[in-house]
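Data first, discussion second: the structure below is written as structure tokens.
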Amino acid sequence: MAMCAERVSSVVILSVLLCVVVSFPPGVLTTPLDDYVHKPDPHYSYHEVLEWRLKGPGYTMYLLNMTSQQWLTEDEVDRSIWWHYLTVTIPDNITHPEAALLFLEYGDNTDRLPGYDDNFIAPTRMVALSTGSVSADLKQVPNQPIVFKNDSLQKSRVEDAIIAYTWRHFLDYPDQPDWLLRNPMTKAAVRAMDTVQDFVNRMTGNQPEKFMVAGESKRGWTTWTTGAVDKRVFAIAPIVMDLLNMKANLHHFYRALGGWTFAFDDYYAENITSRLDDPNLEKLAAIVDPLAYKDRLTMPKYIIGTGGDEFFMPDDSYYYWDQLEGEKYRRWIPNAEHSIDGHEISLFFSLGAFFLSVVEDSPRPKMTWTRETGTKSGRIMLHTDIKPMTIRSFHARTLDGKRRDFRLVNQPPGQTEPQPHPVIWLPEDVQDMGNGTYVAEFDIPAVGWLAFFIQATFPAPHGTALEFTTEVHIIPETFPFPDCHGTDCRGTLL
């Protein structure tokens, strides 16, 4: 654990155990994820890094050093005790003491102390001030770098390299579900909520009782699973991670690209792609696939993706959207790749607006749409019960007819480094058909594929705005490659 000037404080163990007890009503079947997350762990504690505290105009920011758990043992990994930097912003004027935002973030355990204006700390502060609510940013999800003691390469692993290694281990040893990295990542988020409640109560005499959880990429995946295991989560905003219905979706990746995106290189190195049809992959999905928890994920969901994501596909939702229960919204950010670089402020404005709309139970649009394809054109017909302030469509074309590839960066076969792949999304007006119905229609291209969606902006509390979109429609509705089967799914990176 990093050592700093500190004031030691521990969460009352009884309250933590109570959270475990009330997390699920009687009769709800638990999974290995539930078992891991709710298993008591004596390593949990936190303290404030006193010299970091910042009093700003209208708020105070605090930095906590939180130990969330022990994952595996020292005989299995070189970093079994997980600790995190957790920043908490408490507004001077708290108008919604009952609710808080928890944003899950990456970071290495070798990093310096976070800065007050770091990429995601400053925006969470902005959300705290604009919503009158406590906001928190949890770093080092997962703890990294990590070296596995049984790794023949003795590689210092981060991010996907850790996940891929634990997936491969589980596929080999499916009786060891605790190895799956999603378990400790989710537990870290749950412990962060415990910590925020205890710390804010100490500082203000009140504590938030419910949380909206958000995060990007691996943290977006953890956003889903945190919502699945903890009843305190009243809304989720998973960002650039919608690989739900994993097996079907991965098979669709192969049909679109004829191989695997270069961004899957860590999984490729662990031979995961050749095991796509391994029965143990279904056991893995039963633990980590958010769709396995669809009956729990009924809270409002704000699912955010990017048009040029190099990890995931714009039509992933075809394989899960209709199966999701409860209130659900999409937002596509055009001309952005997986990291969302340059779009952080827009993203957090949207998160703040969604947070307020749910907390204050303000009207949100009921949006329904259909995707249709004829012999010459395709269209999206959107119906909404609230008139949008602005509405338009975006469309993009693949650069050729070889692959159904909308990535902003790719790696052509035979190349060893990624390169720009300028698939640009362009705006276009939509047809207003009256009575809250809008249509976007495009001709089917003679070569390649065209993707499009409708984007609408709606009023939200206190002058904020909600930006929602339809799903993406890709025309023609064809794939350039046949599906793969068994070990033939090994494929190649591109």
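The values are calculated or read from the model by the stated rules, or taken from the named source; none is laboratory data. Predicted, not measured: the structure shown is a model, and the values here were computed from it. No Cβ is skipped: glycine too gets one built from the backbone with ideal geometry, and neighbour counts run over all protein chains shown.
Considering region 187-240 alone, what residues qualify as being among the aromatic types (F, W, Y), part of a strand (DSSP E or B) and surrounded by 21 or more Cβ atoms within 10 Å (Cβ to Cβ)?
Applying the first criterion (among the aromatic types (F, W, Y)) to region 187-240 yields 199, 211, 221, 224, 234.
Then keep just the ones that are part of a strand (DSSP E or B); that gives 211, 234.
Within region 187-240, just F211 meets the criteria.
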Matching residues in region 53-85 - criterion: being aromatic (F, W, Y) and over 27 Å from Y165 (Cβ atoms)
Y59, Y62
Name the residue, out of G491, G434, G486, that is over 30 Å from T131 (Cβ atoms), touching a strand residue (DSSP E or B) at 6+ places or on another chain (Cβ under 6 Å) and not hydrophobic (A, V, I, L, M, F, W, C).
G491
Matching residues in region 241-259 (part of a loop (DSSP other than H, G, I, E, B), within 16 Å of the chain's Cα centre (by Cα) and surrounded by fewer than 24 Cβ atoms within 10 Å (Cβ to Cβ)) number 2
I'm checking my understanding of the structure. Among residues of region 159-181 that are outside any helix (DSSP H, G or I) and in contact with a helix residue (DSSP H, G or I) (Cβ under 8 Å, 6 or more places away or on another chain), which one is surrounded by the most Cβ atoms within 10 Å (Cβ to Cβ)?
L181
Report every pair of residues separated by at least 6 positions or lying on different chains whose Cβ atoms are under 8 Å apart, first residue within region 249-276 and at positive phi, second in a helix (DSSP H, G or I).
N271/R168; N271/R490
Determine the pairs where a residue that is farther than 12 Å from L101 by Cβ and without any contact (Cβ under 8 Å) to a residue 60 or more places away in the chain, located within region 192-203, has a partner that is of a type in the set (F, W, Y) and part of a helix (DSSP H, G or I) with Cβ atoms under 9 Å apart, the partner being 6 or more residues away or on another chain.
none
Only listed residue being assigned to a helix (DSSP H, G or I) and over 16 Å from the mean Cα position of the chain (by Cα), chosen from S346, S362, S350:
S346
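Let me confirm something: among E372, E325, E310, which residue is touching a helix residue (DSSP H, G or I) at 6+ places or on another chain (Cβ under 9 Å), of a type outside the set (F, W, Y) and either at pLDDT 95 or above or assigned to a strand (DSSP E or B) (or both)?
Details: E372 fails: touching a helix residue (DSSP H, G or I) at 6+ places or on another chain (Cβ under 9 Å); E325 fails: touching a helix residue (DSSP H, G or I) at 6+ places or on another chain (Cβ under 9 Å).
From the options E372, E325, E310, the qualifying one is E310.
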Looking for something over 28 Å from F148 (Cα atoms) and touching a Cys at 6+ places or on another chain (Cβ under 6 Å) - is there at least one such residue anywhere in region 56-66?
no
Given the criteria without any contact (Cβ under 8 Å) to a residue 60 or more places away in the chain and either buried (at least 17 other Cβ atoms within 10 Å of the Cβ) or aliphatic (A, V, I, L, M) (or both), does H47 qualify?
yes
Out of all the residues in region 322-332, is one or more polar (S, T, N, Q), within 17 Å of I454 (Cα to Cα) and touching a residue at least 40 places away in the same chain (Cβ under 8 Å)?
no
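Taking the condition under 24 Å from H252 (Cβ atoms), surrounded by 17 or more Cβ atoms within 10 Å (Cβ to Cβ) and touching a helix residue (DSSP H, G or I) at 6+ places or on another chain (Cβ under 9 Å), does R379 pass?
Numbers: under 24 Å from H252 (Cβ atoms): yes; surrounded by 17 or more Cβ atoms within 10 Å (Cβ to Cβ): yes; touching a helix residue (DSSP H, G or I) at 6+ places or on another chain (Cβ under 9 Å): no.
No: the conditions fail for R379.
Being in contact (Cβ under 8 Å) with a residue 12 or more places away in the chain and either out of contact with any Gly (no Cβ under 6 Å at 6 or more places or on another chain) or buried (at least 18 other Cβ atoms within 10 Å of the Cβ) (or both) narrows it down to one of T95, T124, so name that one. Reasoning before the result, please.
Numbers: T95 fails: either out of contact with any Gly (no Cβ under 6 Å at 6 or more places or on another chain) or buried (at least 18 other Cβ atoms within 10 Å of the Cβ) (or both).
Of the residues listed, the single one that is in contact (Cβ under 8 Å) with a residue 12 or more places away in the chain and either out of contact with any Gly (no Cβ under 6 Å at 6 or more places or on another chain) or buried (at least 18 other Cβ atoms within 10 Å of the Cβ) (or both) is T124.
Can you name the residue in region 47-80 that is polar (S, T, N, Q) and more than 27 Å from the chain's Cα centre (by Cα) and is also nearest to S152 (Cα to Cα) among such residues?
Here is the first cut: in region 47-80, the residues polar (S, T, N, Q) are 60, 65, 67-70, 73, 80.
Filter again for more than 27 Å from the chain's Cα centre (by Cα), leaving 60, 73.
Values: T60: 47, T73: 18 Å.
Result: T73.
From P412, P420, P427, grab the single residue that is closer than 19 Å to G308 by Cα and either modelled with pLDDT under 95 or in the same structural domain as R255 (by TED's automatic domain parsing) (or both). Before the answer, list the steps.
On the way: P420 fails: either modelled with pLDDT under 95 or in the same structural domain as R255 (by TED's automatic domain parsing) (or both); P427 fails: either modelled with pLDDT under 95 or in the same structural domain as R255 (by TED's automatic domain parsing) (or both).
Just one listed residue meets the conditions, P412.
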Hits in region 280-306 - residues which are surrounded by fewer than 22 Cβ atoms within 10 Å (Cβ to Cβ), out of contact with any strand residue (DSSP E or B) (no Cβ under 8 Å at 6 or more places or on another chain) and not small (G, A, S)
N280, L281, E282, K283, I287, L291, Y293, K294, D295, R296, T298
Pick from region 451-469 the residues that are surrounded by 22 or more Cβ atoms within 10 Å (Cβ to Cβ), more than 21 Å from the chain's Cα centre (by Cα) and among the aliphatic types (A, V, I, L, M): which of them is nearest to L356 (Cα to Cα)?
A460
